Amino acid sequence: MTNLLPEDVLTNIIRRLAPRYLAISRCVCKTWCGIIDACNLLRVDLLPHSVCGIFINFHDLMPEFFSRPSKGPTVSGNFDYLPCRSEIRDHCNGLLLLYNYVVNPATRQWASLPPYPSPSMLGDLFFQSEYLVFDPTLSPHYEVFLIPVARPNGSYHKLNSDGKLDPAIEELEWPPSPCILHAFSSRTKEWEERSFVREGEAAGNVADMRLDSPYVQDNAVYWRGVLYVNCKTKFIMRISLSSGKYQVIKPPVRFEEMEYTDLDLYLGQSERGVYCALCAHNISIYILDESSGEMEWVFKHSCDDRPILGQRIDGPGPWTLQDINYHELCDEYGDDNYEAIVEEKFEWDSDSDNVIDTKSTGKWRGGYITFLGFHPYKEVVFLCDTLRRGFAYHLNSSKIQDLGNLHPTHYGTEMGIQPYIEASFPYTPWMGEFLEGN
């Protein structure tokens, strides 16, 4: 059809398609992709287009919001309007997934989820991680997927007399094919089972998966109709929601061959698609290349953390932690001073302001770097220095910007609390309203 019809006629035909079929048509060939992108048929203007802050799950605290100043609408990280609050499980195009709720913090719209179904596979030998799928250019509806994860060693209830699982279970390939996932749709308001057939090899067997650390953040990326799930450190699960198929993508390096036992993997979306950060003594960034039909990780950059750990910056910065836990504990959430901090609005230049001089860096003072996430529209990563300050690191120039203090007041001084960041989500506000039901 590409060769038979003039481009203007083909464009008029394509523009009549519904958003979902436009997205599918974009993958047919380069000509169709070019027409859809050139004419802005997918209405990418409906997507969020700025980062206004980072939601952070601190261990043993309610979620905090580390936010940048803006002249736009104020976004609060306080979910006191929900019947019950919990940690944040996922973020996708402006919506947050909490346990039992989907929330739009920019508008305070929220919807409850029905009770989660039990895992389809091997009962209590697996738990389920929740992931949110939402793209307002395709549909005003969202979906929630439950991905089964093998419980790590030491957390099983059904062990034999030797303290081991049944060998028949240990040897099962993982993920299975077909892989049955539970999915909730805001269109139907029901959970249903969705079957996905594997293309290619499995990642290993159940015994291999049980060796994963239970403390690794298992995050995900939804990009161009595909859900990429970071299954701990072992593999990435690439799930095509339209075709009912999935593939196993190995990480850029084999973790068992690395000398660092605290190696971590973070999956994210940025300017050129799906990115991966490997975090150990430094941070290595890779980009997933799918152009040839094969999944290949291409090395992008290695972030040297010494300039950050050598800084001695104190005091406020351009970004502010809303410090919700402290103000609630002190019953000062409505205090005028706190409101002034939250509602202060001025523009912050995400490329030029608060650039630190790495040449005058002092001696390494110890500490560690926590990876907070990828900027979705620029090749920039967000980092945290030893639970003290946030930084933005530019991959193309190695420029570093100080963001400010992100340490919750008095955090870590309480008896029995081990302070660390469990998960973090760069937040892109969306001012629309999602639909519930038909």
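Do you know which residues across region 52-82 are open to solvent by 10 Å² or more (accessible area, probe 1.4 Å), within 12 Å of Phe425 (Cα to Cα) and among the hydrophobic types (A, V, I, L, M, F, W, C)?
If the condition is that a residue be open to solvent by 10 Å² or more (accessible area, probe 1.4 Å), within 12 Å of Phe425 (Cα to Cα) and among the hydrophobic types (A, V, I, L, M, F, W, C), then Cys52 is the only one that fits.
From the residues in region 384-402 that are touching a Gly at 6+ places or on another chain (Cβ under 7 Å) and not in a loop (DSSP other than H, G, I, E, B), which one is nearest to Ser67 (Cα to Cα)?
Gly390
Restricting attention to strands (runs of 3 or more DSSP E) lying wholly within region 77-126, give those where 1 or more residues are within 16 Å of the chain's Cα centre (by Cα), modelled with pLDDT of 90 or more and under 17 Å from Phe434 (Cβ atoms). Quick ask: steps written out before the conclusion?
On the way: elements: 88-92, 95-98, 101-104, 109-112.
Filter on region 77-126 gives 88-92, 95-98, 101-104.
In region 19-44, how many are closer than 14 Å to Leu138 by Cβ, of a type outside the set (A, V, I, L, M) and at pLDDT below 70?
Total meeting the criteria: 6.
Please find, among Glu271, Glu296, the residue that is open to solvent by 60 Å² or more (accessible area, probe 1.4 Å), within 20 Å of the chain's Cα centre (by Cα) and modelled with pLDDT of 85 or more. So that I can check it myself, show each step before the final result.
Working: Glu296 fails: within 20 Å of the chain's Cα centre (by Cα).
The unique qualifying residue is Glu271.
Output the residues belonging to region 393-434 that are β-branched (Val, Ile, Thr) and open to solvent by less than 10 Å² (accessible area, probe 1.4 Å).
Listed by number, the residues that qualify are Ile400, Thr428.
Condition first: open to solvent by 40 Å² or more (accessible area, probe 1.4 Å) and either of a type in the set (Ser, Thr, Tyr) or out of contact with any Lys or Arg (no Cβ under 8 Å at 6 or more places or on another chain) (or both). Now tell me which residues in region 192-206 satisfy that.
Glu192, Glu193, Arg194, Ser195, Gly200, Glu201, Asn205 - these are the residues of region 192-206 that are open to solvent by 40 Å² or more (accessible area, probe 1.4 Å) and either of a type in the set (Ser, Thr, Tyr) or out of contact with any Lys or Arg (no Cβ under 8 Å at 6 or more places or on another chain) (or both).
For residues in region 83-98 being in contact (Cβ under 8 Å) with a residue 24 or more places away in the chain and open to solvent by 40 Å² or more (accessible area, probe 1.4 Å), which is farthest from Leu267 (Cα to Cα)?
Pro83
The values are calculated or read from the model by the stated rules, or taken from the named source; none is laboratory data. What you see is a predicted model; the values in this text were computed from it and never measured. Methodologically, a virtual Cβ is constructed for each residue, glycine included, from the backbone with ideal geometry; neighbour enumeration extends over all protein chains shown. Just so you know, the surface numbers come from the protein's heavy atoms only, side chains and all, with ligands and any DNA or RNA stripped out. Shrake-Rupley method; radii C 1.70, N 1.55, O 1.52, S 1.80 Å.
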